[in-house]
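Colleague: For reference, the structure I am asking about is given below.
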Amino acid sequence: MAEQREQVADDAVMSRIGQVVMLAHAGDREEARDRFLGLWAEIGEDGDPLHRCTLAHYMADTQDDPSDELAWDLRALSAADGLTEERLAAHEQSLALRALYPSLHLNLAADYVKLDRPDAARTHLQRAWAVVDALGDSGTSDYAAGVRAALTRLEQRVAELPGRAGEDFEDADGGRPGGEPLGPPRGGS
């Protein structure tokens, strides 16, 4: 009984996030940002990692400033790192945790391109390609094919940028390009 109530509450939060996503896709990014911030305050920085990952992932898309977009994408990655297969399966039976990572790293690579940080972009492209097989066969999934195509396009764009193209490297801070924390939002973000 308690598990059913938790599932209903979970579905309610995910439904509310989905409603704000629709608002953002309809073009009202400012209102979507405000509503996402309200939901973020409700969920809390120690809230359900699935809720935090989903909200942060979509919140990043509503940002006008590339630095703010990066901060939200880093929060999404951090929350994904706190997810378990069981938690994800309780929400979406067909989604594997590892299938989130190609898109999360793709978004981070794109953020770093916008911020003129090609080496950091290359790092996240490498990480995305390293886990892209988690998406399954691109011939059977429009999503998988779309992620692969976006990775290819971004990789071509990054190849034209200056920096350490083709080198394998990791930053001194354990692989977080630029040293950004992967934790919950800081004040003012």
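Colleague: What order, most packed first, do the peptides 121-127, 155-161, 79-85 have when packing is the mean number of other Cβ atoms within 10 Å of each residue? Please report the intermediate quantities before stating the final value.
Modeller: Working: 121-127: 22.7, 155-161: 13.7, 79-85: 16.4.
Packing order, densest peptide first, comes out as 121-127, 79-85, 155-161.
Colleague: Okay, moving on. Please find the FRET efficiency linking V131 to L161, where r is the Cβ-Cβ separation and R0 is fixed at 22 Å, and quote it to the nearest 0.05. Each step should come with its number before you reach the end.
Modeller: Values: r = 23 Å, r/R0 = 1.04.
My answer for the efficiency is 0.45.
Colleague: Once label points are set 7 Å from the Cα along Cα→Cβ at both A26 and T152, what is their separation, rounded to one decimal in nm?
Modeller: About 3.6 nm, to one decimal.
Colleague: Another question about this same structure. Report the FRET efficiency, 1/(1 + (r/R0)^6), for D142 and D11, where r is their Cβ-Cβ distance and R0 is 25 Å, rounded to 0.05.
Modeller: Details: r = 25 Å, r/R0 = 0.98.
Working from the Cβ atoms, E equals 0.55.
Colleague: I would also like to ask the following. In what sequence, largest accessible area first, do M59, M22, M14 appear using a 1.4 Å probe? Display every interim value, and only then the final one.
Modeller: Working: M59 5, M22 125, M14 30 Å².
So, going from the largest accessible area down, we get M22, M14, M59.
The values are calculated or read from the model by the stated rules, or taken from the named source; none is laboratory data. A quick note: this is a predicted structure, and the numbers were derived from the prediction, not measured. Here the Cβ is made from the backbone with ideal geometry for all residues, glycine too, and neighbour counts use every protein chain on show. Please note that ligands, DNA and RNA were not included when accessible areas were found on the heavy atoms of the full protein model with its side chains. Shrake-Rupley method; radii C 1.70, N 1.55, O 1.52, S 1.80 Å.
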